[in-house]
Amino acid sequence: MYDKQTACLTDCLDLLASIPFLSDNDERDELATNIIDTLGSYPKPQKKNEEKEVHPNELGAYLFTSTARNNAKLAQLGFIPYGKAFEAITGNFERALGLLTDELK
């Protein structure tokens, strides 16, 4: 049901697996850019002017994903350290996946 969303999130988590191997901020910046680019394929829960009701888990997952993207961008801009950003991003992706898989049960 949420194949696109879960695929996008797992792709991002796969990217985050490279964190221990990053040696400098240029590589961390590239990882943040790759996460932001990958999240570009994450579908919005509702199209403009669409009146369908969105399941709360789908909306929550979208908001966690959006927060993760914002953390990546804030790290790139130097407002938060990459280590804290990647930790927050990972947690947000895990919570989003949890909401999507919990709704499927």
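The values are calculated or read from the model by the stated rules, or taken from the named source; none is laboratory data. It should be emphasised that the depicted structure is a prediction, and the values quoted were computed from it without experimental measurement. Here the Cβ is made from the backbone with ideal geometry for all residues, glycine too, and neighbour counts use every protein chain on show. Surface accessibility is based on the protein's heavy atoms, side chains included, excluding ligands, DNA and RNA. Shrake-Rupley method; radii C 1.70, N 1.55, O 1.52, S 1.80 Å.
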Among (1) over 19 Å from residue 3 (Cβ atoms); (2) free of Cβ contacts under 8 Å to residues at least 40 places away in the same chain; (3) over 14 Å from the mean Cα position of the chain (by Cα), where does residue 92 come up short?
(3)
Is there any pair linking a residue in segment 1-18 that is more than 19 Å from residue 82 (Cβ to Cβ) to one that is assigned to a loop (DSSP other than H, G, I, E, B), with Cβ under 7 Å and at least six apart or on different chains, and which?
4/43; 5/42; 5/43; 8/41; 8/42
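I want to confirm something. Restricting to segment 1-28 and keeping residues that are among the polar types (S, T, N, Q) and within 23 Å of residue 43 (Cα to Cα), which single residue is surrounded by the fewest Cβ atoms within 10 Å (Cβ to Cβ)?
Kept after step one, since they are among the polar types (S, T, N, Q), are these residues of segment 1-28: 5-6, 10, 18, 23, 25.
If we keep only those that are within 23 Å of residue 43 (Cα to Cα) as well, we get 5-6, 10.
Working: 5: 21, 6: 16, 10: 12.
Filtering segment 1-28 for residues that are among the polar types (S, T, N, Q) and within 23 Å of residue 43 (Cα to Cα), the one surrounded by the fewest Cβ atoms within 10 Å (Cβ to Cβ) comes out as 10.
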For residue 99, state whether it is in contact with a Gly (Cβ under 9 Å, 6 or more places away or on another chain) and either free of Cβ contacts under 8 Å to residues at least 24 places away in the same chain or at negative phi (or both).
yes
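If I go through segment 34-54 residue by residue, how many of them are open to solvent by 50 Å² or more (accessible area, probe 1.4 Å) and in contact (Cβ under 8 Å) with a residue 24 or more places away in the chain? Give the derivation first.
If we filter segment 34-54 for residues that are open to solvent by 50 Å² or more (accessible area, probe 1.4 Å), which is where we start, we get 34, 37, 40-41, 44, 46-53.
Narrowing the set further to residues that are in contact (Cβ under 8 Å) with a residue 24 or more places away in the chain leaves 41.
Within segment 34-54, residues that are open to solvent by 50 Å² or more (accessible area, probe 1.4 Å) and in contact (Cβ under 8 Å) with a residue 24 or more places away in the chain number 1.
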